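Reviewing the structure listed below.
The values are calculated or read from the model by the stated rules, or taken from the named source; none is laboratory data. A quick note: this is a predicted structure, and the numbers were derived from the prediction, not measured. Glycine gets a Cβ as well: all are built from the backbone with ideal geometry, and neighbour counts include every protein chain shown.
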Amino acid sequence: MKKILAVFILLICSLTLSAQTENIIRQLNQFSPLAEIIIRNLGMEDKNNNGVIDKGAGEGYEEFIERYGIGVSFDEKERSIDCGFFANYILYGAGNGKLEEPEIVNYYYTKIRFNPVFEKEEKLIEEEINAYVYANNLPLIWLDDEQNTVMNEVTRILGAGWNEQKVTEDEAIRMYTRAVQGMRIIGRTERPNVNDGYYNMPEFVNRRAAYCVEVADFGFWFFSKLGINSVSADGALTSSVTHVVIKLNSGKIIDYFGGNSRNHIPQSNWHTLNPIQSMGLHLIVNGDALYNQEMMEQGLIYNKYDIDTFGRLMNFYYRLSPINYRQVICDMGEFFLLNNDINRILNNRHIRTPFKKSQIASILSMILVCSNLSANKPLFEKAEVYANRHFRDDRQVQRILREYRF
């Protein structure tokens, strides 16, 4: 009886892991739920379910560019939208005849949102995104709670009707600074993944403490209330430490905690962290801090091109059990190798390159181990190429190559 029960439990675990593998990989090859709301309401549809809008596939690529190629000549419209996006400090997907999720989302939040010509689309998008966040209990990183905690606090400082007036960008910046100062927000110092993760907006307002990420997300909410487009942007302070600020369409950087003034990050080194990517960052960090698998999986779905996010979830599975999770790690490995230009990342002369190299070494090591455990020789050989090309002097990587080679 005990043997039958053990076999039954093993079968249930196997089926659960199989379903989980299919779920995470399926979602990696689709648009995230929040991005899908934007894409659908802008007239596009991913008909072949490959996670991008393809040119010439009847998915709305051409129509999107024709309608929303704002402020440029007809010949430049396609280039202005299919302009690529930064991830891992290199440019992905520029002019490739595909519209990837970050490209579309970046364009919506910097060009389409608050443009009176597209008021109808904006209204539908904002209503659906807000409803989805509340209904699915996602972190309120740029939405207030039902008690209006954030709005009430800002109104206490700036006065009633502060968000109903038309103000210049400079005046909006001064209002933002007054609001944060009036809330007496102090900086949090310990690493967020060992400090219970990030707060949502109502939490950091009540606790009077925040990381730069949280203050930047608050900035997105604040400038949105004034009808001004903004996004977060991240830049590297050191090889292992990044800093997040608010960036307005004019290019102005708002850095409440002053990390930029001390480190003088060049304008070109601030890379967009759009609200959906910010959602992914909150989820992966909080999932890591709370050891919450569902949060970490959601985090990757909302920020799938980021190596740090990818590596954290893969490592989470690996720590649980490389045997039991070998298939999901292999499937993630296939996606990682297909969607990341490892040669460009590692040959890029950037302050963060050594840190990215260590992350890639870890990911490749997990792929090598689990592809061996799954008898997946083609995947092993793909990872082996990069291991030998870039990590010949890495003792850990080379040890794994020797021990797990077919």
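Out of 152, 163, one residue alone is outside any loop (DSSP other than H, G, I, E, B), touching a residue at least 24 places away in the same chain (Cβ under 8 Å), closer than 25 Å to residue 254 by Cα and of a type in the set (S, T, N, Q). It is 163.
In the stretch 84-104, the qualifying residues are those that are farther than 24 Å from residue 360 by Cα and surrounded by fewer than 19 Cβ atoms within 10 Å (Cβ to Cβ), and the one that is nearest to the chain's Cα centre (by Cα) is 98.
Whether any residue in the stretch 97-106 is touching a Lys or Arg at 6+ places or on another chain (Cβ under 9 Å), touching a residue at least 60 places away in the same chain (Cβ under 8 Å) and under 17 Å from residue 274 (Cβ atoms) is what I want to check.
So the first thing to find is which residues in the stretch 97-106 are touching a Lys or Arg at 6+ places or on another chain (Cβ under 9 Å), and the list is 97-99, 101.
Those left that are additionally touching a residue at least 60 places away in the same chain (Cβ under 8 Å): 101.
Subset that is under 17 Å from residue 274 (Cβ atoms): 101.
Yes, there is a match, as at least one residue in the stretch 97-106 is touching a Lys or Arg at 6+ places or on another chain (Cβ under 9 Å), touching a residue at least 60 places away in the same chain (Cβ under 8 Å) and under 17 Å from residue 274 (Cβ atoms).
As a summary of the residue check, residue 283 satisfies the conditions (1) in contact with a strand residue (DSSP E or B) (Cβ under 8 Å, 6 or more places away or on another chain); (2) aliphatic (A, V, I, L, M); (3) not in a strand (DSSP E or B) except for the one numbered (1). Looking across the stretch 178-212 at every residue that is charged (D, E, K, R) and under 19 Å from residue 287 (Cα atoms), the one that is surrounded by the fewest Cβ atoms within 10 Å (Cβ to Cβ) is identified as 190. Inspect the stretch 71-83 for any residue being buried (at least 18 other Cβ atoms within 10 Å of the Cβ) and modelled with pLDDT under 75 and give the result as yes or no. No, that holds for no residue. Taking each residue of the stretch 345-360 that is closer than 16 Å to residue 312 by Cβ and looking for partners that are among the β-branched types (Val, Ile, Thr) and modelled with pLDDT of 95 or more with beta-carbon atoms closer than 8 Å, six or more apart or interchain, yields 356/307; 356/345; 359/307; 360/307; 360/342; 360/345. Mind checking which residues of the stretch 295-321 are closer than 23 Å to residue 354 by Cα and in contact with a Leu (Cβ under 7 Å, 6 or more places away or on another chain)? Correct list: 300, 303, 304, 309, 310, 313.
List, please: which pairs have Cβ atoms under 6 Å, are six or more places apart or on different chains, and start with a residue in the stretch 193-205 that is farther than 11 Å from residue 289 by Cβ and in contact (Cβ under 8 Å) with a residue 60 or more places away in the chain and end with one that is not in a helix (DSSP H, G or I) and not aliphatic (A, V, I, L, M)? Correct list of pairs: 200/139; 202/145.
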